[in-house]
1. Has region 91-101 got any residue that is closer than 16 Å to LYS40 by Cα, open to solvent by 20 Å² or more (accessible area, probe 1.4 Å), out of contact with any helix residue (DSSP H, G or I) (no Cβ under 8 Å at 6 or more places or on another chain) and of a type in the set (Ser, Thr, Tyr)?
2. Name the residues in region 119-156 that are farther than 17 Å from ARG56 by Cβ and open to solvent by less than 60 Å² (accessible area, probe 1.4 Å), would you?
3. What strands (runs of 3 or more DSSP E), lying completely within region 35-90, carry at least 2 residues that are loosely packed, with under 15 Cβ neighbours inside 10 Å?
4. Is it fair to say THR111 is under 20 Å from HIS23 (Cα atoms) and among the hydroxyl-bearing types (Ser, Thr, Tyr)?
5. Scan region 132-154 and report the pairs whose first residue is farther than 24 Å from ASN105 by Cα and at pLDDT 95 or above and whose second residue is of a type in the set (Gly, Ala, Ser) and buried (at least 16 other Cβ atoms within 10 Å of the Cβ), with Cβ atoms within less than 7 Å and a gap of 6+ or a chain change.
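The values are calculated or read from the model by the stated rules, or taken from the named source; none is laboratory data. Predicted model, so just to flag it, every value in this text is computed and none were measured. Here the Cβ positions follow ideal geometry from the backbone for every residue, glycine too, while neighbour counts run over all protein chains shown. Quick note on the areas: whole protein, heavy atoms, side chains included, nothing else; ligands and nucleic acids left out. Shrake-Rupley method; radii C 1.70, N 1.55, O 1.52, S 1.80 Å.
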Amino acid sequence: VQTQEPNWIVSLPSSGLGIETIHTASKLINGATGGSVTLKKDVPGGPFGKILVDSRLVILSGSFTGSMTISTNIDDVNFLTTFGPSYVFNKPLEYTLLLQGLNLNGVNPATVKFVYQAADGSIHECASDGVDVDLSKGKLKVNKAKIPHFSRYGFVN
């Protein structure tokens, strides 16, 4: 099955062979009590010399039964987020992602959306507490995006 890639906002040139680095954080979470998985890192690149990645996935109590290790994976080419393991939750999780130091030339702040890409390639906007865009700082931020299941997430324009 061939799917057409969405117009992801962030796309840094990859280094040579198209190999991207995946930045990962994981944590064992008890579904009854909840918890969070955070990832904060400076990645070389962009017009400011580095890109700040600040990611926080909040698992609300009662989101699932039992315990599982939940991981957040962010690539350093498109800064797309994937989570693991594959799962559909009883209650949506909340995801806040800040990317700062990006080249946002040509981006219209009024039309930026935080979306997930379904298995069939279609994209769907995530409910959230809002998306912040600051072109002068190269900043994209989604606040408390509702994550009902694990898929591939990112910003589109």
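1. Yes, the conditions are met somewhere in region 91-101.
2. Listed by number, the residues that qualify are GLY121, SER122, VAL133, ASP134, GLY138, PRO148, HIS149, SER151, VAL156.
3. 35-44, 67-75
4. no
5. Pairs found: LYS144/SER128; ALA145/SER128; LYS146/SER128.
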